[in-house]
Structure formats: C-alpha cells, structure tokens
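The structure appears below as structure tokens.
The values are calculated or read from the model by the stated rules, or taken from the named source; none is laboratory data. Model, not experiment: these values are computed from the prediction. As a convention, Cβ positions derive from the backbone with ideal geometry for all residues, glycine included, and neighbour counts pool all protein chains shown. What goes into the accessible areas is simple: the full protein's heavy atoms, side chains included, and nothing from ligands, DNA or RNA. Shrake-Rupley method; radii C 1.70, N 1.55, O 1.52, S 1.80 Å.
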Amino acid sequence: MKRLYKNFSALLALALVFVGYNTFAQATPKGDLSIAINYFVDNNTVPSLLVRVKTKANGRFQPVEGVTVNLFLDKDSAGTAIGRVTTNRKGEASIFIPVSVKKQWATSVKHTFLATFKGDKKYEEGKADLTVARAKIVLTTADKTITATVLELKDTTWTPVKGVELKIAIKRLGGDLPVNETPTFTTDSTGQASADFKRLGMPGGKSGNLILIAKVEDNELYGNLSVEKTVNWGIKFTPVNTFNNRTLFATRDKAPIWLQLISYSILFAVWGVLVFLVFNLIKIRKIGGQV
Amino acid sequence: MENNSRRDFLLTGLITAGLVSGCTPKTDPFEAGASDVALPSGKKVKLLSVDGEEIEVDEAFLKPVPHMPPVSNTEARIGIPGKKFVMVIDLSRCKNLKKCQSACNHAHELNPGENWIKVDPMQDAEHTAPYWEPTTCMHCDEPPCVKVCPVDATFKRQDGIVLIDSDRCIGCRFCMAACPYSTRVFNWGEPEIAPAIASQPYSCETSVPQKKGTVGKCDFCADMTRMGELPHCVSACPNGVFAFGDINQDSVSNGAETFRFSDLIKDKGGYRLMEDLGTKPSVYYLPPVSRNFPFESGLENDKEQNK
Amino acid sequence: MENSITDEKIIADLLPQKFGKAGKIWVGVLTVICLIGLFAYYRQLRYGLIVTAMRDYVSWGIYISNFVFFVAISLVGSLITAIFRLAGVKWGAPLTRIAEIIAVAAIIFASLIIIVDMGSPERFYYLFTHGRIQSPIIWDVIVITTYFFISILLLYYPLLPDIKILLRFKQKSGNGLHKFYNYIGSFWQGTPAQFKLSEKAINILCITIIPVAFTIHTVTSWLFATTYRPGWDSTNFGAYFIAGAFLVGAGAVVVAMYVFRKAYHLEKYITESHFEKMGRVVVLLSLLYLYFNMNEFLTPFFKMKKSEEGYLNGLFSGDFSVVFWFAILIGIIIPVIILLFRQGRKPLPMFIVGIMVIVGAWFKRYLIVTPTLLNPFLPMHDVPASYHHYFPSWEEWAITMGSLAGTLLIITILARIFPIIPIQETLTEQHEKAI
Ligand code: SF4
Ligand code: SF4
C-alpha cells in the first residue's frame, strides 16, 4: 500500500516540475498540462517511451485524452524526431524509438528525450524532458537461486552498479509475484542481487514453466528496465473447464442431451397429435365437399 | 495505478513469451499456464534496438499491441484461453470510499444513478460487527442468470467471465430475478451517454454503450484483462481492497501488491458469498478482521446515494 | 312432433343476438379502455420501461402478475371441457363454449402481456431464432403456443354443427357474418362420417389438453421456482399454481354464466342447478387452493429462515399484510363460507363469489411477484430511493386494465358471433331426454 502512495507522490513531484515549463495564457484561461516521459527497455531489446499527460481539474490530476506530443532525441530538430503521439483515454501514449534516429543514438550512451506540445484551444503549450543512461540487467539462475546483475554502459564497457533497487518476481497476470517475502532487492558492489526462489508448487501450465522477471522501476538514471527468463520450476498444471460442456448454463447448441430428448419428444408428440387433428379437419372438409 | 500502466508497456515475447497473447483463440490454451505465447502476426516492423541496431519485430509481440482491433462478437463469447479470472475482496481494508464505483461507472459510461459495484453496509446479526461489503457480479461458475436467459444474451466464457450481449438481450429480466446477488441493473430508459459513445457499436467486452431495454452488470473489465491489465475498480481503490488475477496462475494483484492466491485465501480465511446456493462464485472475500478503518469512517460517504 | 317446436324454440333462444343498447355501451367502454392502454403502451415503446414503476429490485411488476393471472384463467378451458367430459359430467355441457371462449381470450392476452413486459420487444423473434431450450422462458413460449392452438381447435370442432344451424339464418346474422360462417363451416353436412371423425377429434383433444394445461401452469410457476429468491424457491409451486388456476378459472366461468344468462335470457339453459353444481365445484377448488396455501406459507413460517424472514413478515404483518389477508379472505375463505350454504349457491350470490374469487386471485398474483423482489438476499443499497418501493405507474395500470378490457372484448365479440351455448348439443340432449 505504501508503495502505491510513494509512487503517486513521486509522480506528483515530477508533474509539478513540468508545470514550470508551461507559459501562461493572456486572454482565455487555458488549462495547464503536465507532461511526463518514461523510458522502458524490456529484455534488452527495443527501447520505448511512454508519455503521460495530465491536468489539474477540481484539485486533482486527471489524465487528458487527445493531446498530440512531438518527441525528439537529444535536440529539437527534424533529423532527431522520434515521432508524434496522441494520448489515449488514460492520458497515455507510447512509441518505439524508430530507425531514423540511429545516427544520433550512436553518438552517446546517455540520451535526453524531449517532448513538446504546441498548445491548442484548450491547453497551453507544454514541454518535458528525460535523461537516461544505458544500462541492462543480466538474470542468471542456479538451483532455485536467482541472481540479477545491473550493469551500466560506461564508454564501451559494461560496469556493475551498486545500490540499484530492483524487483525479482514471477511474471503473472496483472502483477508480478515476488519470488519470496522480500519485496525489493538492492545490488551490492558487484552489481548483483540474489533471491531464493520460495514459491514452490506454483502452477506453470502444461509444461511447468515459469517466467522470472527482474525489473528496475522508475530509476532516475536508467528508467525502467526489465528482463525475463523462463525456468522449469513450476508444477505441470492443466486446468479443467466446463466451458462448452453440455450444461444448463451452456449456449443453445450445448443444451444437455437429456433435456433435448425430453423436451423435443414431448414437443413432437403433442404437435404430432395437433397436426393429425388438423388433417382430420381437412378430411371432414373433403367429406363435406362430396355430399 | 502507476505500476500497472508501466507493466502494460512491455515489449514481450521476443525471448520468452508475452504476458497476454494477442488473443488468438488458436493458441494452445494450456501451454500458457504461466503466460501465453502470442502467435506471430506476420507483420514485421523495423525498430531500433537498444544497442543501436536495426531489428525487425513481429507486431504481435509488441506491447501494447499497436492498434489492437476490437475482438469480434464470436471471440468475445469464447474468452481468453487458459485463463480463469478471480477476484479477492478484502473486507478489512474497505472504508466505503466508493472509488471503485466511480471508476467503474466512468469506464462503462453508466447511466447516472446506475451502479454495477455496490458497497453495502452489512451486519449479519444483532451482536456482530458491521462492515462494508463491496459487491460486483460474482461471475459464478454455475451462473443461474445464464441458465435462464432465453436467447444466449448472457453467457459464460471459458475464462470464467459472464458477459452480456446487449445486441441480443430482449429485456425479459429473468436473469435479474435469477441472480441471487442482485447485481444486475436494467436500462429502463434511454441511458444518458454522450452521443459519440452512444453511437459506437456495442462490444460485449467493454459493455459500452449501454442500451435502452437491455440488462447490464459488472463485466470484470474483460477488455482490460484481455490486454493484461487490471479491472478499473482494482486500480482505482487506494486501499487495495480488490485483488484480481488468474487462478490458473495462482496469483492475484491489487496493483501495488501481488499475492499468491492460495496462500492469501488460506492465511486470511477467504470465503465466497452464499456458498450454499451452489452458484460457485469467482469472487472471494477476506473477512473483516484486524481492520484498517473503523466502520463508521465510511458512513459519511454513504449519505449521498442512500438518503 | 312437438320436439321440432321445441327445437325451433331452442335454436331461436340460443342464436347469437345483436348487441342491445347496454351491449353497445359495454363494447364502447371496453374499447375506450383498450385504447387508453394502447396509448400507454405507445408511451412505453417510445420512452422505454422507465415509464413503469419497475426498477432494478422490483424488476417484474404487475405485468408479470397479470400474465400469471391470464395463464391461470385460461386453465378453465381444460377444466370444464376436458375434465368434465372425460369424467362423464353431463351437466357441464352448456358451459363448455363459455369456458373455451374465456380460455382463448385469456391466452391471447397472456402472450401479449409478456411482450409488453419485454424491454426490447422488437427482438421478440429472437425467442425463435436464438431460443435456448435450457431457459424456462422458452418452455413457456412453447407451451403457450401449443395451448393456444389446442384451445382454438377445441373451440372450433364443437362449433361445426352449430355453424350449420347458423347458416340457416342468413337474415338474422346479416351478410358479412353469414359469409364468415360460410367460410369457416360450410363443409359441415352433419353426415355420420363427419360426426364420427369430429367426435374422435374432440375426444383426442380433451385428452391432450389436460397435460398441456398442467404444463403451461407448471412451467409458468417455474419461471419463479427456478430462482433462489425467498418465496419463490419452493417445490410446491407447480401444484400451488394449478390449484389457484382452477379456482380462478371456475370463478370466471361462474361470472360469465351469470352475465350471459342475464344478458341473453338463457335461464332455461343455464339453470339454477348449474349454479348449484358449479358452487360445489368452487368450494372444492377453494379448499384445495387453501390446502396448497397452507403448504406454501405454514412451513416457512414455522422455520422462519433468515433469508425468508423479511418476506414472510412483510406478508403476514408488514407492508403487504393488508393485501395478503384481503386476498386470502376474499379469494378463498369467504367464498367457501358463502358457498357452504344452499342459499349461497343461488345465481346472484354465486356471481358475487365469482367476482370475489377473481379479484382475490388477481391480488394473489401480485403478491406472488412483488414482495419477493423487494426482499433480496443482499441489502438494497446504492440505488435511488425510489428503487426501494413499488407502486405501479399510470401507464402500468392503463396497460393492465387495457389487457383485461381486451380479454372481455374478445369474449364479448366471440359471444356475439357464436352461440354461447352449443345448440346442436342441447338439441341432441333434448332428443335423448324425450326418448
Ligand atoms: S453474480 Fe449474478 S449476474 Fe453475476 S454470474 Fe452470478 S448470477 Fe450471474
Ligand atoms: S434480460 Fe437479457 S440477458 Fe437477461 S435473461 Fe433476458 S434476454 Fe437474457
């Protein structure tokens, strides 16, 4: 719970910083936007950015939909444009770093991302930036012990970083389950943090595989990093499901056989009689015609 | 809440597997277990890797999937393979803030006055202590509402979610009579929704837009779960009352904390409502012991709607 | 040959008669009520069910009560016609047509009222294109359709000989009606072969209609009994509904007997002895219904389960107690007391008893639906205050009254077109007596 509040206040602080970038309107009172950039790299592959746009309404920060933001790498110029994104209903927009900025990317191991909003009828223009250094996590496992190493790229060598907080967890839907009671780990002088896997007997699907995940979240220097590793530490588990069985709560084509038998036989019997009676009427009619 | 959104924004599947598949029903449902493997879509995009290389990535492995098409009605009726969603509601943390309710109402564009989540003041007997009990649809495994629906308008999916097809519902309200949890609401008149939303085609997974003369209820945010995100009520509650997850993965999360489902139920004595009816709900409750808030702290917030 | 004189007299007595002044006013009033109901339904179509007082807790209101009521009344067709016939009860013969006409009219409005209750009536046909055999509603749709069809046949077959007689009186029936008679029955010559076939058909119908009538009732009760709700979750419900239906159906026949007797001067054909015998039947049925009521309420009362406590107290001493005791007294107990006396089985008291039974039965149906819905398992909370109560809106009343008026209108019209007492059967009976 605390963690949630902590995150929220961190974001609030971040937002307040960006408010400083905003200029103020003269005539119509336009709203101010707070823009925040987040940097993500998963599995040391493709870096991406997530932009969050909020505004203060009724004393609370509310996400803003439909704000178009231009993103640049290091400097605001045509050659370094990452792209243009528009926020969704949750006030978020995301983009991968395109191939077009390859040259600029190669110039340094540290980059600054710029976000600019030109302003529109409702909101003042706004800006944000974020500087991150290149880092990665290496995840190794041995005998139910998991070791995560955080390395930073200094010039051309990967050097271990001390004191980085990270999480080591099993990847699950909606949230990652810590591998033991410790919620977070901190790297030591060798850049390493180790955790014992204590979640015995976790269901791991048909193959018994679990996906471990180590992640650094919201780090001031490195952004958000995560790596995954599949291990065979779960138990094999095949869920049973009544879906599509013939039950009373199944769809119409899955009605229980006994029910269909009973109801249709009654139905046919009764309507058989009725049809017979109608034919009977026709017979009576015919007799009447002959006379 | 922040945690969540961050989590969605993952690039998955390159090395191992995606968190939630691109929802292709063709995936072997049970291979998944831990998490599903998205099928390659065949559409590749060129991106810059962190090492400055140009690499090609299949679109299906990108998270969030760029422009995820809305699922078809057929797919929405089948559900996500290999999953079985559950919710755990911790009564000891609830102080009737009703944030879950307002987030839900907002997300589903509910008609004002309508609530899919209700927070009931409960007192089981004269000398027992009162507590607040949020109720949603229980997504019963043997849902009486589905049993009685004459036209397949409400249905049970393989991932356990019970949904409503408002384009099918004839408005007979038999399901409302059959549901022992009184969770279903009816759109008695034309719902007051913004015209832009009201004119959208109805989707069973988002339950938007609600339509006159049809029934509605909590949908476990099937659209969110398809994207691997938590339902709106879960992320809206500042007290972490709701935890949501997949029982096949034995874990539930309230956004900030993730628990092993079986341990949580064992340690806190979890139970389900009206077990004797045999409806087999998917929503579990943790009893209101060692509470975080006194019952009275929620009274103020209850006045407005319950004069 | 004095027989033939009597024959002519009988025929003249029993031929359908043109509406007199009272008849015209009666039809006019009914039509107006129907039109008001139609207007209310137009409003409901336009604005949705919001015009009713039904809300999320009381999601079924007097429409459903009314539906159950109509279904109940319709059972009488099978009672008087089939059961009496199979049991060899001869005196019931003059009442069969009345019973069948009531049954047909009631079943028509039962199906109409269920459409009225739907939130999206334009999707009515989904019941046929997407029907799920697991749902009791589909069972109900099937049996109602079947019962309607059987009732029509059971009305039609015995009519054939009468139509032949009617065709003789072109003058009296007028051109239009004559053509209609011609269209539906000119083929009936009354040959022995035809009689034989028709006789057989009526016998088969009488046998078939009994299980179907029981089914329509039982299935209607299952709409409630297949749920968990306090007051509905009862294994007694099918029998309880059937017993109630027999009673209200018999009540309706008594009322109709009295009215037709008065209006068409049929004292010779519907005699005091008919009332006397129907009185006994009503007593029997009342006691039967009382018995099922005891079953339905006494045992739950004895246990007072927590979930049923609110419901039962509401009925016995709470908000619904007035209506509840009214329905029990007016609908069952007082009729029994009146009818136990010979004087009570005279036409006029019988007529009053019939009305009491019907009114009591209507309120009973209301009590079957609403109190249960106002006593859900979980508290009624986080809903607008108006959701905690139910009192029907004017639209609901108008539609309900309109449907009742519509039923009466159909009965009236059918009685205008067809002889209310089977002529041929009466003749045959006379001849048999004479021999
Ligand atoms: S809680 Fe009610 S609506 Fe939800 S699945 Fe169960 S019976 Fe159906
Ligand atoms: S109201 Fe709609 S969803 Fe409910 S039972 Fe009727 S048709 Fe099915």
query = Looking at chain A, what % of its DSSP beta bridges pair antiparallel, to the nearest 5?
reply = 95 percent
query = So what is the relative contact order for chain C, in percent, with contacts set as C-alpha pairs under 8 Å and at least six apart?
reply = 33 percent
ask   = Any idea what % of Cα-Cα pairs in the range B:74-302 are farther than 33 Å?
value = 13 percent
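Taking 41 Å as R0, compute the FRET efficiency from the Cβ-Cβ separation of C:Y183 and C:K277 and round it to 0.05. Let's see the in-between values first.
On the way: r = 37 Å, r/R0 = 0.90.
The value I calculate is 0.65.
Among the complete DSSP H segments of chain C, which ones combine at least 27 Å of alpha-carbon extent along their axis with a mean Kyte-Doolittle hydropathy of -0.5 or more?
Length and hydropathy pass: C:21-47, C:96-117, C:136-156, C:192-225, C:237-264, C:272-303, C:347-373, C:394-417.
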task = For chain C, with a Gaussian network of springs between Cα atoms less than 10 Å apart, report the residue from C:R123, C:R261, C:R43 with the top mean-square fluctuation.
result = C:R123
key: Rounded tilt (10° steps) of A:2-19 against the dominant C-alpha axis of chain A   = 60 degrees
task = May I ask what percent, to the nearest 5, of DSSP beta bridges between residues of the range A:173-291 are antiparallel?
result = 90 percent
ask   = Do any residues of the range B:163-179 lose at least 30 Å² of accessible area when the full set of protein chains is present rather than just their chain alone, and if so which, with a 1.4 Å probe?
value = B:D167, B:R168, B:I170, B:C172, B:R173, B:F174, B:M176, B:A177
key: Formal net charge of residues neighbouring C:S234 (Cβ-Cβ distance under 14 Å; K, R +1; D, E -1)   = 0
Ellipsoid semi-axes in whole angstrom, largest first, where each is sqrt(5λ) of the Cα gyration tensor of the range A:33-133 = 25, 14, 11
query = Of B:Q101, C:G20, B:T128, whose Cα points farthest to the positive end of the dipole of the protein assembly as shown (charges on the beta-carbon: +1 Lys, Arg; -1 Asp, Glu; origin at the Cα centre)?
reply = C:G20
note = With all protein chains present, chain A has a carbon and sulfur share of its accessible area (1.4 Å probe) in percent of 58 percent
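Ranked by accessible surface with a 1.4 Å probe, highest first, in what order do C:L284, A:L166 come? Walk me through the intermediate numbers first.
On the way: C:L284 120, A:L166 0 Å².
Sorted by accessible area, descending: C:L284, A:L166.
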remark   = At the level of C-alpha centres, the distance separating the range B:232-307 and the range C:1-57, in angstrom, is 58 Å
remark   = When every protein chain stays in place and a 1.4 Å probe is rolled, C:D117, A:D188 sorted by accessible area with the largest first are A:D188, C:D117
ask   = P(r) tail for the protein assembly as shown, what percent of Cα pairs lie past 49 Å?
value = 40 percent
Size of electric dipole in chain C: Cβ of Lys, Arg +1 and of Asp, Glu -1, about Cα centre, debye, nearest 20 = 880 debye
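Per residue, what accessible area does chain C have, given a 1.4 Å probe and all protein chains present, in Å²?
Details: 17590 Å² over 435 residues.
Accessible area per residue, chain C: 40 Å².
With a 1.4 Å probe on protein heavy atoms only, work out how much accessible surface B and C bury together, total over both chains, in Å² to the nearest 100. Before the final figure, lay out the partial values.
Working: alone 15290 and 20670 Å², together 32130 Å².
When B and C are taken together, about 3800 Å² of accessible area is lost.
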key: A:T140 paired with A:W158, simple spin-label distance in nm, labels 7 Å along Cα-to-beta-carbon   = 1.1 nm
Accessible area that becomes buried as C packs against A, both chains, 1.4 Å probe, Å², nearest 100 = 2400 Å²
request  = Give me the percent of the accessible area of chain C that comes from carbon and sulfur atoms, probe 1.4 Å, all protein chains in place.
outcome  = 70 percent
key: Protein-protein interface of the range C:44-92, residues with accessible area decrease of at least 30 Å², isolated chain reference, 1.4 Å probe   = C:L49, C:I50, C:D56, C:Y57, C:S59, C:W60
Cα radius of gyration and Dmax for the range A:159-266 (Å) = 23.3, 81
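Can you work out the FRET efficiency for the pair A:I257 and C:I83, with r the C-beta to C-beta distance and R0 = 35 Å, to the nearest 0.05?
Numbers: r = 35 Å, r/R0 = 1.00.
Approximately 0.50, to the nearest 0.05.
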task = Return the single residue from A:F72, A:F243, A:F185 with maximal mean-square fluctuation; model: Gaussian network over chain A, springs between Cα atoms under 10 Å.
result = A:F243
ask   = What is the helix-to-structure angle for A:257-290, meaning the angle in degrees between its Cα long axis and the longest Cα principal axis of chain A, kept from 0 to 90 and rounded to the nearest 10?
value = 40 degrees
ask   = Where does each of B:W132, C:W91, C:W26 land when they are ordered by accessible area, with a 1.4 Å probe and the largest first?
value = C:W26, C:W91, B:W132
ask   = Taking the Cα centre of the range A:100-223 as origin and charging only Cβ (+1 Lys, Arg; -1 Asp, Glu), how large is the dipole, in debye to the nearest 20?
value = 520 debye
key: Surrounding net charge for A:V164, when Lys and Arg each add one and Asp and Glu each subtract one, Cβ distance under 12 Å   = -2
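How high is the relative contact order of chain A, in percent, with contacts defined as C-alpha pairs under 8 Å that are six or more residues apart? Spell out each step's value before the answer.
Values: 562 pairs, mean separation 37.8, N = 291.
Relative contact order of chain A: 13 percent.
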inquiry  = Using the Cα centre of the range C:285-435 as origin and beta-carbon charges of +1 (Lys, Arg) and -1 (Asp, Glu), tell me which of C:I352, C:L298, C:A405 is placed farthest towards the positive end of the dipole.
reply    = C:I352
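What is the sum of charges around A:G79, taking Lys and Arg as +1, Asp and Glu as -1, for the other residues whose C-beta is under 14 Å from the C-beta of A:G79? Don't skip to the answer; put the middle values down first.
Working: positive: A:K75, A:K102, A:K103; negative: A:D74, A:D76.
Taking every Cβ under 14 Å from that of A:G79, the sum is +1.
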ask   = Accessible surface of C:M401 in the full protein assembly, 1.4 angstrom probe, to the nearest 10 Å²?
value = 90 Å²
task = Give the distance, in whole Å, between the Cα centre of the range C:314-344 and the Cα centre of the range B:112-186.
result = 37 Å
ask   = Which listed residue (C:S111, C:P192, C:C206) has the Cα farthest towards the positive end of the charge dipole for chain C, taking +1 on Lys and Arg C-beta and -1 on Asp and Glu C-beta about the Cα centre?
value = C:P192
ask   = If you build a Gaussian network model of chain A, linking Cα atoms that sit under 10 Å apart, which residue out of A:T116, A:T140, A:T247 swings the most?
value = A:T247
ask   = With each label point set 7 Å from Cα along the Cα-Cβ vector, what nm distance links A:T186 and B:E126?
value = 5.7 nm
request  = Count the DSSP beta bridges whose two residues both fall in the protein assembly as shown, then state the antiparallel fraction as a percent rounded to the nearest 5.
outcome  = 90 percent
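Please state the charge dipole magnitude for the range C:223-303, taken about the Cα centre, from unit charges on C-beta atoms (+1 on K and R, -1 on D and E), reported in debye and rounded to the nearest 20.
Working: 7 positive and 5 negative charges, 21 e Å.
Using Cβ point charges on Lys, Arg, Asp and Glu, the range C:223-303 gives about 100 debye.
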note = So, with points 7 Å from each Cα along the Cβ direction, the B:K46-A:I235 label distance in nm works out to 5.0 nm
request  = Could you state how much accessible area is buried at the A-B interface, both sides summed, with a 1.4 Å probe, in Å² to the nearest 100?
outcome  = 6000 Å²
